[in-house]
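Have a look at the structure below before the remarks.
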Amino acid sequence: MAKLTINDLKKIKEKVHKEMALRDGTRRVKVTVHMGTCGIASGANEVMDAILQEIEETGVSDVFVTTSGCMGLCSREPLVTVEIINKEPIKYEHMNPNKMRQVFRKHILEGEVQTPFVLARGTEVVK
Amino acid sequence: MKSVDEELLKEFTPEQVAKLNEIINKYKNKPGGLIPVLEEAQVALEYLPLPVQKKIAEGLNLPLSRVYGVVTFYSFFCMTPRGKHTVRVCLGTACYVRGGKAIHETIQKQFGIEDGETTADRLFTLETVRCLGACGLGPVVVVDEDVHGRVKPGKVKEILSQYT
Amino acid sequence: MKIFRSHLLICGGTGCKSSGSATIKETLLKELEKRKLDEEIKVVETGCNGFCALGPIMVVYPDTVLYVMLKPTDIPELVEEHLVKGRVLERLVYKEPVTDKAIPTMQDIPFFALQELRVLRNRGLIDPEKIEEYIARDGYAGMAKALTEMTPDQILKEMLDSGLRGRGGAGFPTGMKWKFAAQSQSDVKYVLCNADEGDPGAFMDRSVLEGDPHAVLEGMVIAAKAIGSHNGYIYCRAEYPLAIHRLNVAIGQAKEAGLLGENILGTGFDFDLEIYQGAGAFVCGEETALMTSIEGKRGMPRPRPPFPAVAGLWQKPSILNNVETLANVGQIILRGAKWYSSVGTERSKGTKVFALTGDVANVGLVEVPMGTTLGTIVYDIGGGIPKGKKFKAAQLGGPSGGCIPVQHLNAPVDYEKVAELGAIMGSGGLIVMNEGKCAVDMARFFMDFCQDESCGKCTPCREGTKRMLEILTNITHGKGKEGDIELLEEMAEVIKNSALCGLGQTAPNPVLSTIRYFRNEYVEHIRDHHCRAAVCSAMFKSPCQHTCPIEMDIPSYIALIRAERFDDAYKILLQTNPFPSVCGRVCDHKCQTKCRRGSTDEPLAIKFLKRFITDNAKRPPVEMVPVTRKEKIAVIGAGPAGLTTARDLAMRGYKVTVFEELSHAGGMLYWGIPSYRLPRNILDKEIDDIKALGVDIKLNTRVGRDINFANLDKDFDYIYLATGAHKSQKMGLPGEDLKNVFGGVEFLRDFNANEDKWINGQKKLGSKVAVIGGGNSAIDAARVALRLGAEVTILYRRLKQDMPAADEEIKAAEEEGIKIELLVAPLKIEGKGDKVTSITCQRMKLGNFDSSGRKRPVAIADSEFTLQVDAVIAAVGQVPDMSFVDKKSGIVVNKWDTFDVGNVYNSRTGNERYFAGGDAVTGPDTVIGAIAAGHKAADDMDSAIRTANGEPAYEKSAEEKIDIPLIIDEETVESPQMAMPELESAERKLNFGEVELGFSREDAIKEACRCLRCDAEL
């Protein structure tokens, strides 16, 4: 990365905003696996492996997986957020590889939210 | 200098000794380099017996007492060899209130070792730690790098049997 | 091609494979072969169908039945039922989840909705290893503003105006700290970040470093600009490898992007930093010790002055800020001091992150405005205390802090209030403790920590913490001495005033704060060797026995059940309890709340096992005890307290006469508890045993009516007053005097006296009955009313979990069809003539917390409503009837209408010859409480008599030795408590037959095998 100027900061902000909002056309679904120490200790790595494996097996190209830090609710870890374009993000709690596979097949591919595993929809509000 | 190296070679391989030299040289002229040297040396050599401390003292041009003082002050450093796996039971407050004490007792009983000791077969070293920051999962037992959360006394055997 | 009548499709996808579908397939093939079905039925392995979480999965064609979560042990049954008999095996069939279940939004969940995210604003949203995502959320914009638009003085002013105080613990204003360093003249200055989060129970710094590392870097650059520094260190503990990794990534990216290093953002400002790994020493969280540690020495604190702002790291001016503090800085500069100080309290601005852990439902990180109440954090955000336990205290500030007990749940949490309550904010570790935690043990735990972590440089801390720990350890081992508490307090003061650094100065805080709020528990440990939380195990054999008010030898009788020696088990029961078959039915079983099995799965069914013994073993015969003592004893009241005293004293050779006002002995056991919970013949057998010892019970004899006080005083040497609490409290409502308004105990008493008349209709209650109250008598009255054919509604002003009645009673009442209206309080009872026609109530909502930790009900305006009823039973509390007491006797009745006791002996009244106990002293309490009081009184009376006569103390004659078998299972297999078989609820409504039917022999032995034998000494 080249050295940034203040203008660059603004440009990056706009560009990433677009990406994060899934509006660049190639990405339909963003899956965030929350991987702080607590998440990893309760099995986030295995959950991550499961979804990557599913993507490889099914060969889909419009699902992109990213990681993030702790969501704060450690007692419900591992947590996974699934955001499908133009829909509210869905947060799943107490995930494991099997649940992740089910969410992948049913929710990400077929659009059917797997209610029994859901913690909530939407995002936290930052005032 | 020679005698120190000879002493070292009784316990460590030439590669390890070379690595130690490399670490010392890296931090030789850096102020405050002693602790990083000890940290890296422990990773390379697993433990820091007196010959290693002597070598470091000479290399960094510090009195041995200073090196020994630092080694004994910080809980991260150890002077005796360790088991193949380190079992660390968290006795931080959150784990303690959720039953960490019972887990600790179970392991002590099952392996016949006290805190800080290593099993006769050198497989496990038992330690207690103060809070690993995984309080949400208490009680927590960490084996090497693996964190096992919500451990119950009855599950200890099963968890440890995975490590051979 | 072969034709099969059925295809079994077993999922062989990765998910089902990992949950064992291969074994299922194998077992299935074998089973089919065994039953010679392998020619008719084909097993096929398929790909994933998405239901991995429920695997292994099997679909049976052509019926298309989906079986889920199969286990090899299920296969024979499945083959038998479905493939042989053609019946669907319901147990294993996939059940459609409720798909129309509304999914809550994050804002519907109090855990998230009540938080105000500033430090944690990026949590879960950005990839911490991608600097672009941080920048996209206004990252480094504050830094850019500081570097291009602001002078150092302007930055300092903004920080001072924001009111931000150090989040590491002490709460020193950050702007002030920076200002001092800015004023120091030096070519080299340092900005240090304290990421040595050593406080057990605090993990917000780790979370910030892992989830949003750039926020810390940004804060450090701004600080550097403000004080004129170009070098920094982040001192991070080695126990946080992930945090160090992410910090390294972040530093690398920031340097590459020119946001760190030379000529930042092209502004000409240079700042570089590196990570320094701490090697594990709690004291290095102290600022001067941390600096000494970076210098490569033992991390010991240095005396101040000089302060670090003048001479810090390498003797250069330095500032040290904590991770959370620094993570606030970028936003403050970007959005302004005014924005920041818009939340919080007068002197504590902004938000605070708490690491919420311990006995709380939602464990995690919580960021709330300063001044949020403790109750909101623990109950609304934290979701309260799991497993129906009660809140005891919250430890704030870790080993340097203190606890805040239940009576302060309404306290707004900010620096000032927390300090006033004897804790400190610390780094924000908030550990919730339930009633199962011992205050003394917690103090010992923290002192152990401080003692262990003391660096040893100054004597008060090195020696003082050791001595304090010794005293605390002695107390928890039952070796405490009178004066220990005072000694602890004195030492605490000395250490606080003389230790060199913060670690030592604050080390005594947990001790002082537990003494402040839980002094009683210290006294109980020292004087009675009793730990009410059953934690200090050096003082007892097993937690259940220690918790039982009469210390029944529970592990022994359970072991005897397992060995099928029921007759011996009965003997153990009678050693301590005159009413085991009563307690096997109606005891509130405090023992079970402390059963260690409960932490694995569920506690043992101790009460039911006790009942099993009394139902199935031979009751040991009782022989008359010859009277060998000259003193004559009178007992007033034939309830459990009085009869226990009578039994104990008779067994010691005293002649005891019991006077009972009513026509049947048993007190509340007979008159208060309905027969469907305690059949009459059960109680009578136990009373008969007491009579058989030689105790004389005179029924229908009220003191003050049938015999006068003066005669009693003359005819007996010592008198025990155990008159109970048999009068219902009035509600103080209009209409309370109408004819069909009953007091709870009065109704139950009348019913028990005239059961026939009530049942055959000579006495009538009504067809629609309102019962007011939430205690056991309210539930008893309601269930009796229901059995008399009424439609019953219980009105209670709080929530169900606040009801004092036993959970199992509430559940049983609901099963039988009793309606419970919660958050409702009666206002007035209306009537026509002298008859009740309706009751008007109002709805309540929950306000702030009362001193018991329950939310206070507050009336909702204009919420009145009227229920059509023809009878009202008010069971809102009971008080003793003290009208028989002779005012000149010296026996003191206090303002709660109970006896004052404690005249040298715990149970002696103001008159040396009169003792008292049971509900008449404590107010309404439990059966086991009354029995305990009875034992105590017998001891006290006997001891008073012997002391007066100059005789040696009583020595119990040797009991028959019962050998207790010791069988302990190596492995504990999780299994829930055995369920009690019960009468069907439809059947229950029709009669007063006993509801609980008792364990079978097989069930009882199985349940007994669940005992972990905490009493065993190996």
Note to self: Quick test for you: out of A:Val60, A:Val82, A:Val65, pick the one residue that is surrounded by 21 or more Cβ atoms within 10 Å (Cβ to Cβ) and not hydroxyl-bearing (Ser, Thr, Tyr).
What the structure shows: A:Val82
Next item on the list: Would you point out the residue of the stretch C:804-826, among those that are part of a helix (DSSP H, G or I) and in contact with a helix residue (DSSP H, G or I) (Cβ under 6 Å, 6 or more places away or on another chain), that is nearest to C:Lys387 (Cα to Cα)?
Entry: C:Glu809
Margin query: List the strands (runs of 3 or more DSSP E) inside the stretch C:668-748, counting only whole elements, that have at least 2 residues being of a type in the set (Ser, Thr, Tyr), under 29 Å from C:Ala944 (Cα atoms) and assigned by TED's automatic domain parsing to the domain that holds C:Gly910.
Written below: C:718-721
Check: Given the conditions (1) surrounded by 15 or more Cβ atoms within 10 Å (Cβ to Cβ); (2) out of contact with any helix residue (DSSP H, G or I) (no Cβ under 9 Å at 6 or more places or on another chain), and given that C:Ala861 satisfies all but one, which numbered condition is not satisfied?
Finding: (1)
Next item on the list: Scan the stretch C:977-990 residue by residue and report those that are over 17 Å from C:Arg585 (Cβ atoms) and either surrounded by fewer than 13 Cβ atoms within 10 Å (Cβ to Cβ) or not assigned by TED's automatic domain parsing to the domain that holds C:Phe612 (or both).
Entry: C:Glu984, C:Ala986, C:Glu987, C:Leu990
Note to self: If I filter the stretch C:466-476 for residues that are touching a strand residue (DSSP E or B) at 6+ places or on another chain (Cβ under 9 Å) and of a type outside the set (Gly, Ala, Ser), do I get at least one hit?
What the structure shows: no
Check: Quick check, is C:Glu974 assigned to a loop (DSSP other than H, G, I, E, B), over 26 Å from C:Cys583 (Cα atoms), acidic (Asp, Glu) and in the same structural domain as C:Val656 (by TED's automatic domain parsing)?
Finding: no
Next item on the list: Give the residues of the stretch C:890-908 that are closer than 18 Å to C:Arg946 by Cα and in a loop (DSSP other than H, G, I, E, B), sorted by residue number.
Entry: C:Asn903, C:Val904, C:Tyr905, C:Asn906, C:Ser907
Next item on the list: Kindly provide the set of residues from the stretch C:240-263 that are under 39 Å from the mean Cα position of the chain (by Cα) and more than 10 Å from chain A (Cβ to nearest Cβ), ordered by number.
Entry: C:Ile244, C:His245, C:Leu247
Check: Restricting the first residue to the stretch A:56-70 and requiring it to be of a type in the set (D, E, K, R), which pairs with a second residue that is at pLDDT 90 or above meet a Cβ separation below 8 Å and a spacing of at least six or different chains?
Finding: A:Asp62/A:Val29
Next item on the list: Would you check if there is a residue in the stretch C:752-768 being modelled with pLDDT of 95 or more and closer than 20 Å to C:Ala812 by Cβ?
Entry: no
Margin query: Looking for something within 14 Å of chain A (Cβ to nearest Cβ), assigned to a loop (DSSP other than H, G, I, E, B), of a type in the set (D, E, K, R) and surrounded by 21 or more Cβ atoms within 10 Å (Cβ to Cβ) - is there at least one such residue anywhere in the stretch B:144-164?
Written below: no
Next item on the list: With the checklist (1) in contact with a Leu (Cβ under 7 Å, 6 or more places away or on another chain); (2) in the same structural domain as C:Asp713 (by TED's automatic domain parsing); (3) under 30 Å from C:Ala393 (Cβ atoms) in hand, flag the one item C:Tyr914 doesn't pass.
Entry: (3)
Next item on the list: Those residues that are under 20 Å from C:Gly704 (Cβ atoms), in contact with a strand residue (DSSP E or B) (Cβ under 6 Å, 6 or more places away or on another chain) and part of a helix (DSSP H, G or I), I need them from the stretch C:624-645; list them, please.
Entry: C:Gly642
Check: Residue check: is A:Glu77 crowded, with 20+ Cβ neighbours inside 10 Å, farther than 23 Å from C:Arg123 by Cβ and within 16 Å of the chain's Cα centre (by Cα)?
Finding: no
Check: Among C:Gln115, C:Gln107, C:Gln185, which is within 7 Å of another protein chain (Cβ to nearest Cβ) and among the polar types (S, T, N, Q)?
Finding: C:Gln107
Item checked: Selection from the stretch C:816-841 of residues that are of a type in the set (Asp, Glu) and over 17 Å from C:Ala782 (Cβ atoms) -> C:Glu830, C:Asp834
Check: Which one is nearest to C:Cys501 (Cα to Cα), of the residues in the stretch C:431-461 that are facing chain B (nearest Cβ under 9 Å) and β-branched (Val, Ile, Thr)?
Finding: C:Ile431
Item checked: Subset of the stretch C:878-903 (residues that are within 27 Å of C:Met803 (Cβ to Cβ) and either of a type in the set (S, T, N, Q) or surrounded by 21 or more Cβ atoms within 10 Å (Cβ to Cβ) (or both)) -> C:Gln878, C:Pro880, C:Thr898
Item checked: For C:Glu295: the one exception among (1) within 30 Å of A:Thr5 (Cα to Cα); (2) acidic (Asp, Glu); (3) touching a Gly at 6+ places or on another chain (Cβ under 6 Å) -> (1)
Notebook entry, point to check: Is it the case that some residue within the stretch C:482-498 is under 30 Å from C:Arg1010 (Cα atoms), free of Cβ contacts under 8 Å to residues at least 60 places away in the same chain and either assigned to a helix (DSSP H, G or I) or in contact with a helix residue (DSSP H, G or I) (Cβ under 8 Å, 6 or more places away or on another chain) (or both)?
Noted result: no
Checklist line | Criterion (touching a helix residue (DSSP H, G or I) at 6+ places or on another chain (Cβ under 9 Å) and crowded, with 18+ Cβ neighbours inside 10 Å) met by exactly one of C:Leu733, C:Leu738, C:Leu748 | finding: C:Leu748
Checklist line | For B:Gly100: the one exception among (1) away from chain A (no Cβ under 14 Å); (2) surrounded by fewer than 18 Cβ atoms within 10 Å (Cβ to Cβ); (3) more than 15 Å from the chain's Cα centre (by Cα) | finding: (2)
Next item on the list: Filter the helices (runs of 4 or more DSSP H) completely within the stretch A:27-127 down to those with at least 2 residues that are β-branched (Val, Ile, Thr) and under 30 Å from C:Ala202 (Cβ atoms).
Entry: A:37-41
Note to self: Name the residue that is surrounded by the fewest Cβ atoms within 10 Å (Cβ to Cβ), counting only residues in the stretch C:751-770 that are in a helix (DSSP H, G or I) and charged (D, E, K, R).
What the structure shows: C:Asp756
Note to self: Residue under question is B:Arg82, and the condition is that it be closer than 30 Å to C:Phe446 by Cβ, more than 9 Å from every other protein chain (Cβ to nearest Cβ) and not in a loop (DSSP other than H, G, I, E, B); does it hold?
What the structure shows: no
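The values are calculated or read from the model by the stated rules, or taken from the named source; none is laboratory data. These numbers come from a predicted model, not from an experiment. A quick note on method: Cβ atoms are made from the backbone with ideal geometry, for glycine too, and the neighbour counts reach across all protein chains shown.
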